[in-house]
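Pasting a structure here, questions to come.
The values are calculated or read from the model by the stated rules, or taken from the named source; none is laboratory data. From a predicted model like this one, the values you see are computed outputs, not experimental measurements. Here the Cβ is made from the backbone with ideal geometry for all residues, glycine too, and neighbour counts use every protein chain on show.
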Amino acid sequence: MSAQLRAAVNADCTEASNSFGAGAAAQMECLITDLGRMVQQRNEALREVTRAHHEALLRLARAAEFRDDDTGVHLLRIGFLAEALALLAGQTPEFAERLRWAAPMHDIGKIGVPDEVLKKPGAYSPEERKIMNGHAMMGAQILGGSRSPLFQMAAEVALNHHERWDGSGYPLGLVGEAIPLSGRLVAVVDFFDALTMNRCYRPAFPDSQALAMMAAQRGLAFDPWLVDLALAHAEDLIALRDHINRSPPEFGPMITQI
């Protein structure tokens, strides 16, 4: 091949290579842009589905509460108080925030308890007590089986918030730290909040009396460490409760790992 012909061939190859490189780069840039748009649309769709799922669950939890007694903002208080106590216990903000969402579902199983048991005034018969106690397992069944971290924690809370530190609780009779922390936290704040609000069968207990009753259950019904934390920070927890009563907040920004 002559030097002139070789030069012409090389020039054509260089031009083709440059042309291909520019075209490929432009195409790759378009693909990256499209991929970014698709990821953003997917994330927005997931957030919307998450909001819809959680709203449905919260409404179901409220339905269960309203069947028991019209407790107003009890669900909101339980969520925020559980979050506050979790932070005092040194848990991560992510754990505490998830618990804020999960805690209001603690009694969701009451949706399946017959009215003649749920609304019965006075003491239960052994058979009625068995039916009533079944709401913990029923709640775990309603919420369980999901890969969602929120649903998993909510099922855990529903199942374990009536377990007792001394092993005399239900449904599994767990003892001490065998009870998941989420259930132990919710048990403490639910006990205090339930005592300090009016119910159809009794007026609210004063805060001081409710705290004394909680202290009496230290190491019996409740994790002694969590009771000590709640008592040490009772003033702050009561202030949070009162603030929620005055200005019931929304549940805040949607957590991302739902």
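Restricting to the stretch 178-200, name every residue that is over 15 Å from the mean Cα position of the chain (by Cα) and not small (Gly, Ala, Ser).
Within the stretch 178-200, Ile179, Val188, Phe191, Phe192, Asp193, Leu195, Thr196, Met197, Asn198, Arg199, Cys200 meet the criteria.
Take Asp236 and tell me if it is at pLDDT below 95 and in a helix (DSSP H, G or I).
Spelling it out, it is not the case that Asp236 is at pLDDT below 95 and in a helix (DSSP H, G or I).
Of all residues in the stretch 88-110, which are assigned to a loop (DSSP other than H, G, I, E, B) and crowded, with 24+ Cβ neighbours inside 10 Å?
Selection gives His106, Asp107.
Separate question: Going through the stretch 97-126 one residue at a time, which ones are under 8 Å from the mean Cα position of the chain (by Cα) and touching a residue at least 60 places away in the same chain (Cβ under 8 Å)?
Glu97, Arg98, Leu99, Arg100, Trp101, Ala102, Ala103
Can you report the number of residues in the stretch 111-148 which are surrounded by fewer than 23 Cβ atoms within 10 Å (Cβ to Cβ) and in a helix (DSSP H, G or I)?
Qualifying residue count, the stretch 111-148: 19.
Keeping to the stretch 149-177, report how many residues are in a helix (DSSP H, G or I) and either over 13 Å from the mean Cα position of the chain (by Cα) or buried (at least 18 other Cβ atoms within 10 Å of the Cβ) (or both).
So the answer is 12.
In contact with a helix residue (DSSP H, G or I) (Cβ under 9 Å, 6 or more places away or on another chain), at pLDDT 95 or above and either among the polar types (S, T, N, Q) or farther than 19 Å from Val73 by Cβ (or both), is that true of Ala212?
No; evaluated as a whole, the condition is false for this residue.
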